[in-house]
1. So which helices (runs of 4 or more DSSP H) are wholly in region 273-338 and hold at least 3 residues that are under 18 Å from Leu496 (Cα atoms)?
2. Return the pair list, or none, for Cβ contacts closer than 8 Å from residues in region 519-530 that are aliphatic (A, V, I, L, M) to residues that are open to solvent by 30 Å² or more (accessible area, probe 1.4 Å) and in a helix (DSSP H, G or I), at least 6 apart or on different chains.
3. Being farther than 22 Å from Phe561 by Cβ and hydroxyl-bearing (Ser, Thr, Tyr) is true for just one of Ser508, Ser468, Ser490. Which residue is that?
4. Out of all the residues in region 143-165, is one or more modelled with pLDDT under 80, under 30 Å from Arg573 (Cα atoms), touching a strand residue (DSSP E or B) at 6+ places or on another chain (Cβ under 6 Å) and of a type outside the set (Asp, Glu)?
5. Would it be correct to say that Ser370 is without any contact (Cβ under 8 Å) to a residue 12 or more places away in the chain and either over 18 Å from Thr476 (Cβ atoms) or part of a loop (DSSP other than H, G, I, E, B) (or both)?
6. Considering only region 117-129, I want to know if a residue exists there that is under 23 Å from Ala264 (Cα atoms), open to solvent by less than 60 Å² (accessible area, probe 1.4 Å) and modelled with pLDDT of 65 or more.
7. Regarding region 264-272, can at least one residue be identified that is open to solvent by less than 10 Å² (accessible area, probe 1.4 Å), farther than 16 Å from Ala400 by Cβ and in a helix (DSSP H, G or I)?
8. Hey, among the residues in region 239-262 that are without any contact (Cβ under 8 Å) to a residue 40 or more places away in the chain and among the charged types (D, E, K, R), which one's most open to solvent (accessible area, probe 1.4 Å)?
Amino acid sequence: MALHPTMAKEPDAPAEEVRPPLPPRPSTTLTTDSKASTAQATTAITPLDIQTLSFPDGSRGTFSTSNYSDSTPVGSGYASPSRRPSIAGTEGDDTASAISFAPTMKPAGDIASLLAGEFNKKSPAWNMLRSQSGAIPPFEGRPNGATDQLLDFDREFDPLPGDMENGYKDDDRLAIWKSKLKHYMILSSAGKPIWSRHGDLSLINSSIGVVQTIISFFEGSKNPLQAFSAGDARFVISIQGPLYFVAISKLGESDTQLRAQLEALYMQILSTLTLPTLTNIFVNRPSSDLRRPLQGTESLLSSLADNFTRGSPSALLGALECLKLRKSQRSSINNTFLRQRTDKLLYGLLVAGGKLVSVIRPRRHSLHPSDLQLIFNMLFESDGIKAGGGENWIPLCLPAFNNRGYLYMYVSFFDGASGEQATAPAAALGASTDQEIAMVLISADRESFFDLQKMREGVAQQLSKNGSLAIIQNATRIGRPKIADIAPGSQISHFLYKSRANVQFCTSAWEPMFSDPVKRRRLMSLYSGLHASAHAKHSHLKVIHCVSEDSSSLAWVTPIFEFYCVAGPDMSRGALTQGANKIIQWAKKEEERLFIIGGGVW
């Protein structure tokens, strides 16, 4: 006969081992009193919590949090399961764990948002703290002492005093020369000085001789010197045939970036002489003085070097900046160019304020960004062409296109939206140089001046008639986009975005935060560091988040784009990433307006 389980125990077993009967399952309906009893914890402390927080400026604030139905605040960062009765009749869901309802297992208030992530809404205290700390602009907390090298950056481009000028001796002038933050030198392999950005060559002749001796020593050992450090200065050497290029920088730039700048100076020399001419000069006479063949081009080298020293996004990214226009408006400009094209034209460019507006080219030819940078430097940075205004006819070598011969460039500046020829540079007429519009027509035929001049007249007349010149002028007047218009509410202060496929970039406006040359140099130094880290030889970093005492920054590199941005020092990584996503989505949406895709082709 089968026995009931309770009758199968031994007679000597203690009574406490008998399992007590289970209590009855609670009802699925709760009364009003039972709800009230479970809504609040029975403690001696009121549910109204007072929180005191310290702000970055040293002030303190007191905030109260609202009554919550549970001891764990809603904004704690946790998503607890619903406490509605389940279908099975239990108080909580079957999938809910005990920790979901334990009032002491979760940090409360703002501590939870620090420890538990950002999954839910933050408390009012935390939101107010973040809104104040994120509004701190970058580079506001810089030390004001002798350790800050950029304090005298405004005087970086001042010329050295002349020989015995105002009582200055050679030792005084040499001390001023050594105080400069960046130097560029060009000398021949025979030790002949060719060009130096700061100081006359007679003053620094001994220094150039030391540099030439050091370089020659390493060349003799068949181990060319690439770079070295001396104190807080970095020396980078680039050897181009018979020429030595030297960059000396205290601005924290990488060797790769400095070498790219030296390459641009070499290209500037080739644009004047061509490679065969340069080679022949030193083949026949290795001790030749190159200063005479380069006479008159010193301003081009100096303006290019100063652009690097101030901080050039174009040089850093190796890309061009284009004027933002609607796709239909740019297509109309391209079509006007193509209809008026002469058979002797090789390239046609329309440039406004240093930004490319339109380009037409043969189907199988394209202009390299380095060649375009040389043209832009000649048009808008140096004083040679701008001082003349009107028309210019210039023989020019574009080294990336063909470093062995000359092309011929016709340049014409516009006088407003009428399309008339400008008779003087914009600065002389009281207009901003950022709004200057120039047409550049390039030909391989040295006898094509009048053909290109006729084409210029036809294009200018049509652009003025269909309103394209007025549209270009208005776009240059509006300037670069503002972050407040791109990503409202974002605390990002500045950004750079490069389209890698188009080799073009866009940037936010410098004004008002970075219009000061010192702050702009700080910003570009930060971008240089991010760029160097992202493009280091053995680096596999794709996203870099950097926080310092005066700024927070982000670099994001993909096969499609490169993105760099800067914000205040207390901006959270989540807020920085969210703002970056908004800007990148905007750039992708506006790609056909921001960049020239293809251009006019025949």
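The values are calculated or read from the model by the stated rules, or taken from the named source; none is laboratory data. Remember, it's a predicted structure, so these values are computed and weren't measured experimentally. A quick note on method: Cβ atoms are made from the backbone with ideal geometry, for glycine too, and the neighbour counts reach across all protein chains shown. Side chains included, ligands, DNA and RNA excluded: accessible areas come from the protein's heavy atoms. Shrake-Rupley method; radii C 1.70, N 1.55, O 1.52, S 1.80 Å.
1. Hits in region 273-338: 298-310, 313-317.
2. Listed by first residue and then by second, the contacts come to Met524/Arg310.
3. Among Ser508, Ser468, Ser490, only Ser468 is farther than 22 Å from Phe561 by Cβ and hydroxyl-bearing (Ser, Thr, Tyr).
4. No, because not a single residue in region 143-165 is modelled with pLDDT under 80, under 30 Å from Arg573 (Cα atoms), touching a strand residue (DSSP E or B) at 6+ places or on another chain (Cβ under 6 Å) and of a type outside the set (Asp, Glu).
5. In short, no.
6. no
7. Looking through region 264-272, none of the residues is open to solvent by less than 10 Å² (accessible area, probe 1.4 Å), farther than 16 Å from Ala400 by Cβ and in a helix (DSSP H, G or I).
8. Ranking the candidates gives Arg259 first.
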